[in-house]
Amino acid sequence: MSERRPVRTAVAAAMAGALMAGCINLAPSYQRPAAPVASTYPPETLPATPTGAVAAADLDWHQFYADPRLKRLIEAGLVNNRDLRIAVLNIEQARALYQVRRADELPTLGAGFTAQRAPALNGKLVNTYAVGVAVSSYEIDFFGRIRNLSEAALAQYLATAEARKTVHITLISSIASAYLAVLADDEQLRVTRQTLATREDSLRLTKLKFDYGATSELDYRQAESLLEGAKAALAQALRQRSQDENALVQLIGQPLPPDLPPPLPLDSAQVTADLPAGLPSELLERRPDIRAAEESLISANANIGAAKAAFFPHITLTGTFGTASTELSGLFKGGTWAFTGTAQALQTIFDYGRNRANLDVANVSRDIAVAQYERAIQAAFREVADALAGRATLGEQLRAQIAQANAESIRFRLSDLRYRNGVASYLELLDAQRALFVAQLAVVQIQEAQVQNLVQLYRALGGGWTEPATAATAAASAPAARTP
């Protein structure tokens, strides 16, 4: 009975140490910094929110994007895009690093066997055999050093998970933007080819008049120049279309599927236009890039606690519990059980300023994380405000540009009629042709800008990510939630 008392005493001491571990936390109390932005978006950019409108962050991208062709491309990109794969692998790496830090909070147990031959007091050689379980250098975390390192690793894991959501959202909007650019290229090619055909007809007519002496060579050369300008514009449009399609292929991570459905026209019907802006404070919870920045700040805050704990003694416990005997056959017999335990407290006296420098690094890192968090909020506010300004003005700009293009079309027909009847000069016709071409291209560009702006507003408000249906299953294997 007396042999078991040291064992009980040691176990009780270890349990007491475990209970005391983490009771002192030297990390500063975390307080979320105030958002360095206005409490509302510019009121002139905020239309009345329609009844029943769903917030962008709650609107699945399948519902926001209406074009079935675009939906197929987004689905392909979410499967094949390499940037998204890297983001997912980064999560697994951060999870593993967190588990390493988490394991440091618990003692490491090992089983071992030793055989020793040494001289006894009488000069004879004595064999000693031992087998048992050992605890090797378990640090009793009185001052929260290990706990804070674990908290920092958890925050980095959560920041990486939020970064993956950001990549997911950005990928969807990038695919949509690249797809809309290709649609705009196709529309510009249609306008350019139409203009090219018109200028070819005009050149043939001018050449015929020139051959019969009804017009000057100046008119003929002007018509020829205008035609070559249209050919140059067509070559540029073809090159731009090819480059935009290459960008789209890279984003989806595979060649364009041959069985894609036909596209919808390039207009606001491509997307859901009714997106309530909400308040800037909602971005703190809706934008994963802001949440990632805050988790990085929490990690930096915890690292300060670990750096402060380095100024206090490191208390470690080493022990073994098992059986020992001078005969191999005597192991595990009654009376052979043995226990050894060692507690060590190490206090740094002089380290050439290492601990102080580490604490300074931790404090500066926290200040940097605060600035990065505030910068993320400001960037998000600007993105939303810019998109809201675009939504408030692009509609009127498009209406005015379409009206101008219609007026230029009528002007061109009248100028052509006047020129054919000898009333107007050829210079007047050329000017009408140029103005019509520019106005038609401007309509396409503003149509693209309007839809692109809605895509960016959806992304800026945190739209594009919804928790998968298997989130509950995934949560079961995820690291434990943060404790207060």
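Leaving out ligands, DNA and RNA, and with a 1.4 Å probe, what % of the accessible surface on segment 32-190 is carbon or sulfur? Could you put the intermediate results ahead of the total?
On the way: 4720 of 8190 Å².
The C+S portion of the solvent-accessible surface of segment 32-190 is 58 percent.
For the chain, what is the charge dipole size about the Cα centre, in debye to the nearest 20, if Lys and Arg each add +1 at the Cβ and Asp and Glu each add -1 at the Cβ?
Taking the Cα centre of the chain as origin, the dipole is about 1540 debye.
What are the lysines whose alpha-carbon lies under 28 Å from the alpha-carbon of LYS209, with same-chain residues fewer than 8 places away excluded?
LYS231
Find the accessible area per residue for segment 62-123; the probe is 1.4 Å, ligands and nucleic acids are left out, and the unit is Å².
The answer is 66 Å² per residue.
Enter the Cα centre distance for the pair segment 389-418 and segment 253-282, rounded to the nearest angstrom.
So the separation of the two Cα centres works out to 26 Å.
Starting from the residue with the highest accessible area, list LEU196, LEU256 in decreasing order, probe 1.4 Å.
LEU256, LEU196
Please return the longest stretch of the chain lacking exposed loop sites, where chymotrypsin sites (Phe, Trp or Tyr not before Pro) count only if DSSP places them in a loop and at most 10 other Cβ atoms lie within 10 Å.
The segment 1-211 is the longest one with no such site.
Accessible area of segment 217-371 with a 1.4 Å probe: how many percent of it is carbon plus sulfur?
58
List the extent of the Cα atoms of segment 69-137 along each of their three principal axes, largest first, rounded to whole Å.
Principal extents (Cα only, largest first): 92, 21, 15 Å.
By Kyte-Doolittle mean hydropathy of at least -1.0 and Cα axial length of at least 27 Å, which whole DSSP H helices of the chain are selected? List each step's numbers first, then the result.
Numbers: long enough: 82-103 (32 Å, -0.24); 145-211 (94 Å, -0.07); 217-252 (53 Å, -0.41); 288-309 (32 Å, 0.02); 354-420 (90 Å, -0.38); 426-460 (50 Å, 0.45).
Membrane-span-like by this criterion, though nothing is claimed about a membrane: 82-103, 145-211, 217-252, 288-309, 354-420, 426-460.
Is segment 190-246 best put as rounded, prolate or oblate by its Cα gyration tensor, with a ≥ b ≥ c the root eigenvalues, rounded for a/c under 1.5, and otherwise prolate when a/b is larger than b/c, oblate when not?
Because a/c hits 1.5 or more and a/b exceeds b/c, segment 190-246 counts as prolate.
For the chain, with the dipole built from +1 on Lys and Arg beta-carbon atoms and -1 on Asp and Glu ones, taken about the Cα centre, which of VAL443, ASN406, ALA55 lies farthest toward the positive end?
ALA55
Enter the accessible area per residue of segment 411-457 (Å², integer; probe 1.4 Å; all protein chains in place).
Each residue of segment 411-457 exposes 46 Å² on average to a 1.4 Å probe.
State, to one decimal in nm², a quarter of the convex hull surface area for the C-alpha atoms of the chain, i.e. the direction-averaged projected area.
Numbers: hull surface 156.3 nm².
Here the figure is 39.1 nm², rounded to one decimal.
Mind checking the dipole of segment 122-197: about its Cα centre, +1 per Lys or Arg Cβ, -1 per Asp or Glu Cβ, Debye to the nearest 20?
Details: 7 positive and 7 negative charges, 56 e Å.
Once rounded to the nearest 20, the dipole reads 260 debye.
Which lysines have a Cα lying under 20 Å from the Cα of LYS71, excluding residues fewer than 8 positions away in the same chain?
LYS165
Under the rule a/c < 1.5 gives rounded, and otherwise a/b versus b/c splits prolate from oblate, where does segment 34-104 land using the Cα gyration tensor?
Judged from the Cα gyration tensor, segment 34-104 comes out oblate (a/c at least 1.5, b/c at or above a/b).
Over segment 172-213, average the accessible area per residue using a 1.4 Å probe and give it in Å², no decimals.
Numbers: 1820 Å² over 42 residues.
Averaged over the residues of segment 172-213, the accessible area is 43 Å².
Inverting the mean 1/r over all pairs of different Cα atoms, compute the Kirkwood radius of segment 84-211 and quote it in Å. Don't jump to the answer; show the numbers that get you there.
On the way: mean 1/r = 0.0440 Å⁻¹.
Roughly 22.7 Å, rounded to one decimal.
The values are calculated or read from the model by the stated rules, or taken from the named source; none is laboratory data. Bear in mind the structure is a predicted one, so any value in this text is a computation, not a measurement. Cβ atoms come from the backbone with ideal geometry, glycine included; neighbour counts cover every protein chain shown. Just so you know, the surface numbers come from the protein's heavy atoms only, side chains and all, with ligands and any DNA or RNA stripped out. Shrake-Rupley method; radii C 1.70, N 1.55, O 1.52, S 1.80 Å.
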